[in-house]
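Just below is one structure, and these are the notes that go with it.
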Amino acid sequence: MSHSSRYVCFAKANSLLLPHALFGSQSPTGVHSAQASIGGQWYSCTCLSFLPLQHSVEETAAECKRLGATVQAFVVDCSKREEIYSTAEKVKQEIGDVSILVNNAGVITAADFLSTQDHQIERMFEVNILAHMWTTKAFLPTMMKNNHGHIVTVASAAGHFVISYMVTYCSSKFAAVGLHKALTEELPTLGKDGIKTTCLSPVFINTGFVKNPSTRLGKILEIEEVVEALMEGILTNRKMVFVPPHLNIALLSEMLLPERALAVLKKLTNVKFDAVIGQKSTQ
């Protein structure tokens, strides 16, 4: 039930709106190619990559070029800090300053906590939160020097709401949301109010990242609607983007309603997906 996609691609855009951008990868399909398509259609630029396979990165770069973007791609294992740092230096030398950083790396293992292997727990934290810190540390200094930039965290509704069989994933996504909020608070304190931040928190997306998801809350999201919400959030400097938007009401309800009422609501939502249950961990 786990899926490993721990690689990023750095790309240069030729647009006034998105002068230089970096996108990290999450899953091998979906959101990243849609960012290419929608980004190219709106702004004549795309800057992203996805997939741990070299040929897939090259295919995505070729798609971006067809949409009119100038693209350079670098394959990196996001679980390795030094590899991120060394590639970031290469990006700076070959492309220049990165002013938009989209931290979109993520992996998941859907299983009950005791069935989740130790190496799976480590990988989820390495990719879902530590990689975000390393890429941010790599590119934030130049943003601070210029007092200009935008850091985007692609998190999840699981960073605000807990769900069974995703204990580790929820924990890592809560950390990602926490990183976004804390950085959002700190930057103006340091006098760097020219650096903007945005956090994307969607529910299940039809990418195959989670197997056979369903819920009574509504339909499973399509890639394009999530990407449109993200692009709008970046361009309007929104700090938190929920998809669908009514998630912010659910978050407020969780803070106001008594536990018994929340338990009834959770049963009504009937969230389901494939997960490993009752499998002994081999460490």
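The values are calculated or read from the model by the stated rules, or taken from the named source; none is laboratory data. Just so you know, these numbers come straight off a predicted model, no measurement behind them. All Cβ positions, glycine included, derive from the backbone under ideal geometry; neighbour counts span all protein chains shown.
Test residue 75 against the criterion of being of a type in the set (A, V, I, L, M, F, W, C) and over 23 Å from residue 156 (Cα atoms), and give yes or no. Yes: the conditions hold for residue 75.
Considered as a group, the residues in region 92-106 that are β-branched (Val, Ile, Thr) and crowded, with 24+ Cβ neighbours inside 10 Å include one that is farthest from residue 156 (Cα to Cα), and that residue is 98. Taking every residue in region 87-107 that is within 15 Å of residue 141 (Cβ to Cβ) and pairing it with any residue that is of a type in the set (Ser, Thr, Tyr) and in a helix (DSSP H, G or I), at least 6 positions away or on another chain, the pairs with Cβ-Cβ distances below 6 Å are 97/142. One residue alone among 77, 112, 118 is closer than 30 Å to residue 213 by Cα, touching a Phe, Trp or Tyr at 6+ places or on another chain (Cβ under 8 Å), modelled with pLDDT of 90 or more and among the acidic types (Asp, Glu), and that residue is 112. Among residues belonging to region 167-219 that are among the basic types (Lys, Arg) and more than 12 Å from the chain's Cα centre (by Cα), point out the one that is surrounded by the most Cβ atoms within 10 Å (Cβ to Cβ). Here the residue is 196. The listed residues are 162, 243, and the only one of them that is of a type outside the set (S, T, N, Q) and within 16 Å of the chain's Cα centre (by Cα) turns out to be 243.
For region 176-214, the tally of residues that are among the hydroxyl-bearing types (Ser, Thr, Tyr), farther than 18 Å from residue 233 by Cα and part of a helix (DSSP H, G or I) stands at 1. Condition first: over 18 Å from residue 162 (Cβ atoms) and part of a loop (DSSP other than H, G, I, E, B). Now tell me which residues in region 228-260 satisfy that. Listed by number, the residues that qualify are 236, 237, 238, 239, 244, 245, 246. Of the residues screened, residue 205 is one that is in contact with a Leu (Cβ under 6 Å, 6 or more places away or on another chain) and of a type outside the set (Phe, Trp, Tyr). Only residues that are surrounded by fewer than 18 Cβ atoms within 10 Å (Cβ to Cβ) and of a type in the set (Phe, Trp, Tyr) were counted in region 220-258, giving 0.
Please go through region 74-117 and pick out each residue that is polar (S, T, N, Q) and touching a strand residue (DSSP E or B) at 6+ places or on another chain (Cβ under 6 Å). Hits for region 74-117 are 87, 99, 103, 104, 109, 115, 116. The numbered conditions (1) assigned to a loop (DSSP other than H, G, I, E, B); (2) under 17 Å from residue 273 (Cβ atoms) are all true for residue 173 except (1). Restricted to region 215-227, and to residues that are of a type in the set (Val, Ile, Thr) and not in a helix (DSSP H, G or I), which residue is modelled with the highest pLDDT? For region 215-227, the residue satisfying everything is 220.
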